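Enquirer: Quick one: this structure, given as structure tokens, is what I'll be asking you about.
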Amino acid sequence: MLRLSALAVAAALFLDPTPAQAMDGPEELTVMSNEQYEEMLSSQGRPTAPRVAAPRTDRAEGALAAPGWAAVKFNSKDRRGRAVPTRVGNSELGWKHFSGPHNITNPDVAKKIIGGTSNPTTSRDQPHRLIYDGALVATGGLLNPPRKIANIRIIVQDHWQTADRRYSLSDRNAKIGVITAYCRNVPRNRCPDKVNQA
């Protein structure tokens, strides 16, 4: 009897070496806010990750801006309706700052994370600094639970000037917007190429 069941298992593996994958389907990648990731986990009855306080960010935004840094490359809007511009910037803030060094070259990455967040993290010492956290998530059906591949952070200045007052806009109703975006806990905060394909 034992020999027959072992033979049946061997035949099943020979005929279909990956039965779980055949039933489950290919893995898909998507970028979403941490808020959306937690909602997805709770809808599947899985425990959500504990909230972690955002680290303090004291880095200065940079020296005097070159002409044209303030041009808006694209706009995003969070779940509360707050408009968040991403400006062309320069080597120290905005699109030019993070797209090359941090390898976020698809505007949809910022739009999806900002658009999926209703309560960005703030701090008392920098009340106009907003932190939007998100992730590159792999989903693959019932047998493969969602998992984070990369943690993405977007730092926004929700004010007409930077905290160090080195960059400012002539319109005091306008916002500086995205200062930087990067992947956390990886060398040089550089995101994997997959982030731009999701």
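The values are calculated or read from the model by the stated rules, or taken from the named source; none is laboratory data. No experiment lies behind these values; they were computed from the predicted model shown. As a convention, Cβ positions derive from the backbone with ideal geometry for all residues, glycine included, and neighbour counts pool all protein chains shown. For the accessible areas, the whole protein counts, side chains as well, though only heavy atoms, and no ligand, DNA or RNA atoms are used. Shrake-Rupley method; radii C 1.70, N 1.55, O 1.52, S 1.80 Å.
Enquirer: Which one of these does Ser99 not meet: (1) of a type in the set (Ser, Thr, Tyr); (2) farther than 19 Å from Ile176 by Cβ; (3) open to solvent by less than 40 Å² (accessible area, probe 1.4 Å)?
Expert: Of (1) of a type in the set (Ser, Thr, Tyr); (2) farther than 19 Å from Ile176 by Cβ; (3) open to solvent by less than 40 Å² (accessible area, probe 1.4 Å), only one is false for Ser99: (2).
Enquirer: Just the residues that are at pLDDT 95 or above and either open to solvent by 30 Å² or more (accessible area, probe 1.4 Å) or within 18 Å of Asn106 (Cβ to Cβ) (or both), please, taken from the stretch 174-188.
Expert: Passing the criteria: Lys175, Gly177, Val178, Thr180, Ala181, Tyr182, Cys183, Arg184.
Enquirer: Would you please name the residue that is least open to solvent (accessible area, probe 1.4 Å), looking only at residues in the stretch 68-88 that are among the basic types (Lys, Arg) and part of a loop (DSSP other than H, G, I, E, B)?
Expert: Filtering the stretch 68-88 for residues that are among the basic types (Lys, Arg) and part of a loop (DSSP other than H, G, I, E, B), the one least open to solvent (accessible area, probe 1.4 Å) comes out as Arg82.
Enquirer: Evaluate the following for Asp125: is it at pLDDT 95 or above and of a type in the set (Asp, Glu)?
Expert: It is false that Asp125 is at pLDDT 95 or above and of a type in the set (Asp, Glu).
Enquirer: Something else about it: Can you spot a residue in the stretch 134-149 that is open to solvent by 50 Å² or more (accessible area, probe 1.4 Å), touching a Lys or Arg at 6+ places or on another chain (Cβ under 8 Å), part of a strand (DSSP E or B) and closer than 17 Å to Thr30 by Cβ?
Expert: There is at least one residue in the stretch 134-149 that is open to solvent by 50 Å² or more (accessible area, probe 1.4 Å), touching a Lys or Arg at 6+ places or on another chain (Cβ under 8 Å), part of a strand (DSSP E or B) and closer than 17 Å to Thr30 by Cβ.
Enquirer: I would also like to ask the following. Could you say whether any residue in the stretch 103-111 is outside any loop (DSSP other than H, G, I, E, B), modelled with pLDDT of 95 or more, within 24 Å of Pro187 (Cα to Cα) and polar (S, T, N, Q)?
Expert: no
Enquirer: Let me ask another. Please find, among Thr18, Thr48, the residue that is modelled with pLDDT under 95, among the hydroxyl-bearing types (Ser, Thr, Tyr), over 19 Å from Ala181 (Cα atoms) and exposed (fewer than 11 other Cβ atoms within 10 Å of the Cβ).
Expert: The conditions single out Thr18.
Enquirer: Among the residues of the stretch 150-166 satisfying the criterion of being under 21 Å from Pro107 (Cβ atoms) and not acidic (Asp, Glu), which is surrounded by the fewest Cβ atoms within 10 Å (Cβ to Cβ)?
Expert: Once the filter is applied, the top-ranked residue is Asn151.
Enquirer: One residue is enough: does the stretch 156-179 have a residue meeting the conditions assigned to a helix (DSSP H, G or I) and more than 18 Å from Glu35 (Cβ to Cβ)?
Expert: Looking for residues that are assigned to a helix (DSSP H, G or I) and more than 18 Å from Glu35 (Cβ to Cβ), one finds none in the stretch 156-179, hence no.
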